[in-house]
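Q: Here's a structure for you.
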Amino acid sequence: MTNEWNEFKAYTEPPTYTVSNGKDTAFLGRFTADMLRDFTGLSRIFTILARGYIFHNPDGSIKDRDPYEQIEYARRALCAWCSIPKHKKDAPVKEWQFDVCFDKYHEEFAELVDESGSGWYWRHVHAVAEFVGKNRASVNKHLHCLVERTVEWEAEWEKKVRQYQVPLFSSNTNAEWLLLFDTAIADALELGSLRRESVVLSPGQIEQIEQLKPDGVPHRVMMTLAEYYIANKPADGGFIVLPVTNVEAYLGSSSLGKQYLSKIPVEFMERKETGFGVSMYRVNL
């Protein structure tokens, strides 16, 4: 979770679809079922993608360019990642509408959109649904829903992709539209390049975590919360945003928000609820 370059690659490289047992969700990639079904957690994903394309070369090295000159490049990358393929029955895009098919960016972003206009996210969702459909006996039953609402998902995703393209200061922007490509790019410019090294806790910090870990909360959860806080904590040691949905995707389970956070003692972590799949927290180590 603290190596952001690896996170970027998880959203841009071809996924692997395999399953070893009923609890294995590795075929979902850096997503949970809720994320794929309800479009949650995309704010961080868009920001990670924007930072990667603004600040980094394909090998991860830092670009020797003005980041502000890369804004349109990052915006095209986001469009490519979200692209929806055209269908023969589709009506022409009206002048006032935003397009949703970005096959024209295939040559520039071959890893994000194919020649038919199928973007990385579109292909992943459909590949997951196909994989679950073919492996129902090996996949946890709560994931079978990913097969059953693909058509409904497509219609909702088309609405979302049009919404994401609305300019930040558009007079027609709905106040409920919390996520736009422009907001992700603005966040990316503020945050800068991606972290390419993981945080390593000291033996003393690990021992302290073991002493404070409550029953029923996995060691990996406590470690991840500590590492993420140390990687992002402000100079004054205050609270930071905990992207619960994305951390759950990293851990491969939706249990963080539903089960674990309420059990973690305040001696280890102080937390403030904010809603929208995030909370504010501070780790005491």
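Q: Working out 0.36 nm times the residue gap between E197 and K272, then minus their Cα-Cα distance, what length gain in nm do you get to one decimal?
A: Answer, rounded to one decimal: 24.2 nm.
Q: Please work out whether the stretch 191-267 counts as rounded, prolate or oblate from its C-alpha gyration tensor, where a ≥ b ≥ c are the square roots of the eigenvalues and a/c under 1.5 means rounded, while otherwise a/b larger than b/c means prolate and anything else oblate?
A: Oblate is the answer for the stretch 191-267, as a/c is 1.5 or above yet b/c matches or exceeds a/b.
Q: Additional query: Extending each Cα 7 Å along its Cβ direction at C145 and E72, get the distance between those two points in nm, one decimal.
A: Each label point lies 7 Å from its Cα, and together they span 4.3 nm.
Q: Please get the size of the charge dipole for the stretch 1-129, origin at its Cα centre, with Cβ charges of +1 on Lys and Arg and -1 on Asp and Glu, quoted in debye to the nearest 20.
A: With Lys and Arg at +1 and Asp and Glu at -1, about 420 debye.
Q: In the chain, if the dipole is taken from +1 on Lys/Arg beta carbons and -1 on Asp/Glu beta carbons about the Cα centre, which of G237, T47, W153 is farthest to the positive end?
A: Projecting each Cα onto the dipole axis, the largest value belongs to W153.
Q: Tell me, what is the percent relative contact order of the chain, built from C-alpha pairs under 8 Å that lie six or more residues apart?
A: Relative contact order for the chain comes out at 23 percent.
Q: Once a ≥ b ≥ c are taken as the square roots of the eigenvalues of the Cα gyration tensor of the stretch 1-132, is the result rounded (a/c under 1.5), prolate (a/b larger than b/c) or oblate (a/b not larger than b/c)?
A: Oblate shape, in that a/c is at least 1.5 and b/c is the bigger or equal ratio.
Q: Here's something else I'd like to know. Assuming R0 = 35 Å, can you tell me the calculated FRET efficiency for the pair K263 and E107, based on Cβ-Cβ distance, to the nearest 0.05?
A: My answer for the efficiency is 0.10.
Q: Same structure again: Taking the Cα centre of the chain as the origin and placing charges on Cβ (Lys, Arg +1; Asp, Glu -1), which of Q205, Y228, F31 is farthest toward the positive end of the dipole?
A: In the chain, that residue is F31.
Q: Using a Förster radius of 30 Å, what is the FRET efficiency between H87 and N3 based on their Cβ-Cβ separation? Nearest 0.05, please.
A: 0.20
Q: In percent, what relative contact order does the stretch 203-283 have, based on Cα pairs under 8 Å that are 6 or more apart in sequence?
A: 34 percent
Q: Pulled fully out, how much extra length does the chain show between R162 and I206, if you take 0.36 nm times their separation in residues and subtract their Cα-Cα distance?
A: Computed gain between R162 and I206 is 11.3 nm.
Q: What are the residues whose amide H is under 5 Å from the amide H of I84, where those residues sit 5 or more places off or on another chain and H is modelled from the backbone?
A: C101, F102, G119
Q: May I ask for the angle, rounded to the nearest 10°, between helix 203-212 and the longest principal axis of the chain, with both axes built from Cα atoms and the value confined to 0 to 90°?
A: 80 degrees
Bear in mind that the values in this text are calculations on the coordinates, not laboratory data. These numbers come from a predicted model, not from an experiment. Neighbour counts are summed over all protein chains in view; Cβ atoms, including those assigned to glycine, are modelled from backbone coordinates with ideal geometry.
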